[in-house]
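Note sheet for the following structure.
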Amino acid sequence: MTTHILLWAVDEEKSRMLTSRTRSILSNENNQIYYSPVSIWEIIMKQQKNPGQLTKLPIREFVEKCKQMDFQELQLNTIHVYELGTLSRPENAPKHNDPFDRILIAQAKAEGMRFLTHDDLLNDYDEDCVIIVRVSN
């Protein structure tokens, strides 16, 4: 899942941003939910620029809450990095400059997992693993 969906799932105040479809996917006991250290890295980098912007929880507490929610950590490894080379976008697609999203998609693709995102720009990757879930109003 994208870092934002992870943030919204973990932060009760922001959980209203999750659609009912997303909530259903995350709460379905038949689904194993994973988070990536890439998302934790992204949160730390953005928190250093704007403290408290993404989450008020200290990062270690945030990760602990992920574990309490029974989210499993998906370690980043070399095969995920190799998979980056297989991602492509049409030349006429709008620019997408988020390296965190790209490696998260590559991880999902390499592992045969589904990748939840609210970002329509990620649909242009035309990867079967990408599932677009709209932001709740």
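The values are calculated or read from the model by the stated rules, or taken from the named source; none is laboratory data. Note that the structure is predicted; figures quoted are calculated from it, not measured. Here Cβ is always computed from backbone atoms with ideal geometry, including for glycine, and neighbour counts include all displayed protein chains. Remember, those area values only see protein heavy atoms, side chains included, never the ligands or the DNA or RNA. Shrake-Rupley method; radii C 1.70, N 1.55, O 1.52, S 1.80 Å.
Among the residues of the range 87-128, the ones that are in a loop (DSSP other than H, G, I, E, B), modelled with pLDDT under 95 and within 21 Å of T19 (Cα to Cα) come to 3 in all.
In summary, T55 fulfils each of the numbered conditions (1) open to solvent by less than 60 Å² (accessible area, probe 1.4 Å); (2) part of a helix (DSSP H, G or I) with the single exception of condition (2).
Restrict the check to the range 108-126 and report whether at least one residue is over 16 Å from the mean Cα position of the chain (by Cα) and over 19 Å from I33 (Cβ atoms). Please lay out each step first, then the result.
Let us first name the residues in the range 108-126 that are over 16 Å from the mean Cα position of the chain (by Cα), namely 124, 126.
Now narrow it down to the ones that are over 19 Å from I33 (Cβ atoms): 124, 126.
Yes.
Of all residue pairs spaced 6 or more apart or on separate chains, those with beta-carbon atoms under 6 Å, a first member in the range 1-24 that is touching a residue at least 40 places away in the same chain (Cβ under 8 Å) and a second member that is among the acidic types (D, E) and in a helix (DSSP H, G or I) are T3/E42.
Looking at R60, R102, can you tell me which residue is of a type in the set (K, R) and surrounded by 13 or more Cβ atoms within 10 Å (Cβ to Cβ)? So that I can check it myself, show each step before the final result.
Working: R60 fails: surrounded by 13 or more Cβ atoms within 10 Å (Cβ to Cβ).
Being of a type in the set (K, R) and surrounded by 13 or more Cβ atoms within 10 Å (Cβ to Cβ) holds for just one of R60, R102, which is R102.
Among the residues of the range 1-52, the ones that are assigned to a loop (DSSP other than H, G, I, E, B), at pLDDT below 95, farther than 18 Å from F100 by Cα and under 16 Å from the mean Cα position of the chain (by Cα) come to 4 in all.
Residues of the range 75-84 that are in a loop (DSSP other than H, G, I, E, B), out of contact with any helix residue (DSSP H, G or I) (no Cβ under 8 Å at 6 or more places or on another chain) and open to solvent by 70 Å² or more (accessible area, probe 1.4 Å): none at all.
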